[in-house]
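Each reported figure results from applying straightforward, stated rules to the coordinates on display, with no laboratory input. Since the structure is predicted, the reported quantities are computational estimates derived from the model, not experimental observations. Backbone-built Cβ (ideal geometry, glycine too); neighbour counts: all protein chains shown.
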Amino acid sequence: MKVLLDESVPRLVKTQLPEFEITTVQEMGWTGLKNGDLLKRAEEKFDVFVTADKNLRFQQSLSGKRLSVIVLPSNQVPVVVLLLSAITEALRRFQPGTFVEIPGTPAQ
């Protein structure tokens with residue numbers, strides 16, 4: 001499974017989840033692309049897109065797409081660290097063409 005991290009997602013997700021093939025938007029040279037263009041490119045090369053953009057679900061439709069989107073509740077490193085196991089679980093259970101929203105922690 002190939003995973004793309006949005007530019008808003010801390011890179012520690014990549015370093016802390018070595019079992020997955022993870023690439024960042026920055027590594028692809030796609031920094032600054034609008035969501036529609038970014039998702040179109042992502043779908044050509046990746047299975048899952050991880051973002052902290054909560055509005056993405058309302059701006060883009062995944063109907064008929066194979067790309068899955070995982071939405072984090074925050075891009076703050078301390079929060080993301082607490083969510084690493086939830087991110088791992090979401091990646092293991094991904095279904096093509098779905099949005100998965102990882103809920104925030106009680107400390108938020």
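At-a-glance table
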quantity: DSSP bridge orientation in the chain - percent antiparallel, rounded to nearest 5; calculated: 0 percent
quantity: Debye equation applied to the C-alpha atoms of the chain, log10 I(q)/I(0) at 0.19, 0.20, 0.21, 0.22 Å⁻¹; calculated: -0.92, -1.03, -1.15, -1.28
quantity: Neighbour-count ranking [beta-carbon atoms within 10 angstrom, fewest first] of Met28, Met1; calculated: Met1, Met28
quantity: Ranking of Val81, Val50 by count of other Cβ atoms within 10 Å, fewest first; calculated: Val81, Val50
quantity: Dipole moment magnitude, nearest 20 debye, the stretch 1-47 about Cα centre, only Lys, Arg, Asp, Glu C-beta charged; calculated: 100 debye
quantity: For the chain: lysine pairs under 14 Å (alpha-carbon distance), excluding those fewer than 8 apart on one chain; calculated: 4
quantity: Choice from Leu12, Leu83, Leu67 with maximal GNM fluctuation in the chain (Cα, 10 Å cutoff); calculated: Leu12
quantity: Helix 35-45 axis, angle to the chain major axis (alpha carbon atoms, nearest 10°); calculated: 90 degrees
quantity: Computed label-point distance, nm, for sites Lys34 and Met1 using a 7 Å Cα→Cβ extension; calculated: 3.0 nm
quantity: Mean separation of Cα contacts under 8 Å, 6 or more apart, over the residue count of the stretch 2-101: relative contact order %; calculated: 31 percent
quantity: GluC sites (Glu not before Pro) restricted to DSSP loop in the stretch 1-100 with at most 14 other C-beta within 10 Å; calculated: Glu19
quantity: Ascending count of other beta-carbon atoms within 10 Å, so fewest first, for Ile87, Ile102; calculated: Ile102, Ile87
quantity: Thr23 versus Arg93: modelled label distance in nm, points set 7 Å from Cα along the beta carbon direction; calculated: 2.8 nm
quantity: Top of Leu56, Leu39, Leu91 by mean-square fluctuation, Gaussian network on the chain, Cα under 10 Å; calculated: Leu56
